[in-house]
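Below: the structure, in structure tokens.
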Amino acid sequence: LTSAGQSLVAGGDEAAGLVRVAAPADFLDFFRVEWVGEFLAAHPRVRLEFVLSDGKADLIAERIDVAFRGGVMTDLGYVGRQILADTNDVLVASPGYLQARGRPLRLDDLPQHDCISFPHPSGYATWTLVGPSGLAEDVQVQARMAATTARALRLAAVAGLGIALLPQALTWPDVTEGRLITVLPDFQRNGQGVHALYPSRRHQPRA
């Protein structure tokens, strides 16, 4: 932030300096890195440094200029705005898995399947899904494989290890290209979009 501010003073109104960006570990899997290249080409004096982690960054302590986060914005001490509309999470599995194990036809079928989820001490995950009726229904599944990042869960699903509940934004390239198939498409989990957070409205560098 200090570097960017000093460069701005030296270079007039041209955007310049280092911008530190905090984002989830798998951010560049669905945010096209080509867009980063276009931004850098348009602003040759700007440098970007990505701090990629699924943990919540402390924007002040870690000198973060902007953070991208999914879900409800709970950091009331920061300035934020929604940059991507709410998108739902969907159930997906590989064609090979479904051929070997069959396709679930009802939510009640999911506990009999291998499922992939974030870790929980119990070894089980509770998925809350909204169906055609508009009502939320809970289903408890055993995590045959668990991992701490959405990227790892997606890779496990593509590899045929089971059914995963993942954001549409993360899975749509695999679904489009046939590596994953949507399971029980009438049931989805409500998402919360993506927000950009800033430490403060004051002293924001042009970069």
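The values are calculated or read from the model by the stated rules, or taken from the named source; none is laboratory data. Only a predicted model underlies this, so the values are computations on that prediction, with no experimental measurement involved. No Cβ is skipped: glycine too gets one built from the backbone with ideal geometry, and neighbour counts run over all protein chains shown. Note: accessible area is taken over every heavy atom of the protein model, side chains too, but ligands, DNA and RNA are not part of it. Shrake-Rupley method; radii C 1.70, N 1.55, O 1.52, S 1.80 Å.
Take the conditions touching a Gly at 6+ places or on another chain (Cβ under 8 Å), more than 16 Å from A156 (Cα to Cα) and either among the aromatic types (F, W, Y) or modelled with pLDDT of 85 or more (or both) and apply them to D89. Does it pass? Against the criterion (touching a Gly at 6+ places or on another chain (Cβ under 8 Å), more than 16 Å from A156 (Cα to Cα) and either among the aromatic types (F, W, Y) or modelled with pLDDT of 85 or more (or both)), D89 qualifies.
Evaluate the following for P173: is it open to solvent by 80 Å² or more (accessible area, probe 1.4 Å) and farther than 15 Å from D108 by Cα? Spelling it out, it is not the case that P173 is open to solvent by 80 Å² or more (accessible area, probe 1.4 Å) and farther than 15 Å from D108 by Cα. Considering only the range 97-111, state which residues are without any contact (Cβ under 8 Å) to a residue 40 or more places away in the chain and under 24 Å from A150 (Cβ atoms). Answer for the range 97-111, where residues must be without any contact (Cβ under 8 Å) to a residue 40 or more places away in the chain and under 24 Å from A150 (Cβ atoms): R101, D109, P111. Taken residue by residue, the range 135-145 has no member that is touching a residue at least 60 places away in the same chain (Cβ under 8 Å) and either under 30 Å from E14 (Cα atoms) or touching a helix residue (DSSP H, G or I) at 6+ places or on another chain (Cβ under 7 Å) (or both).
If you go through the range 26-54 and pick out every residue that is part of a helix (DSSP H, G or I), within 29 Å of A152 (Cα to Cα) and over 11 Å from the mean Cα position of the chain (by Cα), you end up with 8. The condition of being open to solvent by less than 30 Å² (accessible area, probe 1.4 Å), assigned to a helix (DSSP H, G or I) and either more than 29 Å from D65 (Cβ to Cβ) or modelled with pLDDT of 90 or more (or both) holds for only one of L184, L153, that being L153. Can you tell me which residues in the range 158-188 are among the small types (G, A, S) and in contact with a Pro (Cβ under 8 Å, 6 or more places away or on another chain)? G178 - this is the single residue of the range 158-188 that is among the small types (G, A, S) and in contact with a Pro (Cβ under 8 Å, 6 or more places away or on another chain).
Considering each residue of the range 60-68 in turn, none proves to be at pLDDT 85 or above, under 22 Å from F187 (Cα atoms) and assigned to a loop (DSSP other than H, G, I, E, B). Residues in the range 137-148: is at least one at pLDDT below 90, in a loop (DSSP other than H, G, I, E, B) and surrounded by fewer than 18 Cβ atoms within 10 Å (Cβ to Cβ)? Yes, that holds for at least one residue. Taking residues in the range 148-169 that are without any contact (Cβ under 8 Å) to a residue 12 or more places away in the chain, and partners anywhere that are small (G, A, S), not one pair has Cβ atoms closer than 8 Å while being at least 6 places apart or on different chains.
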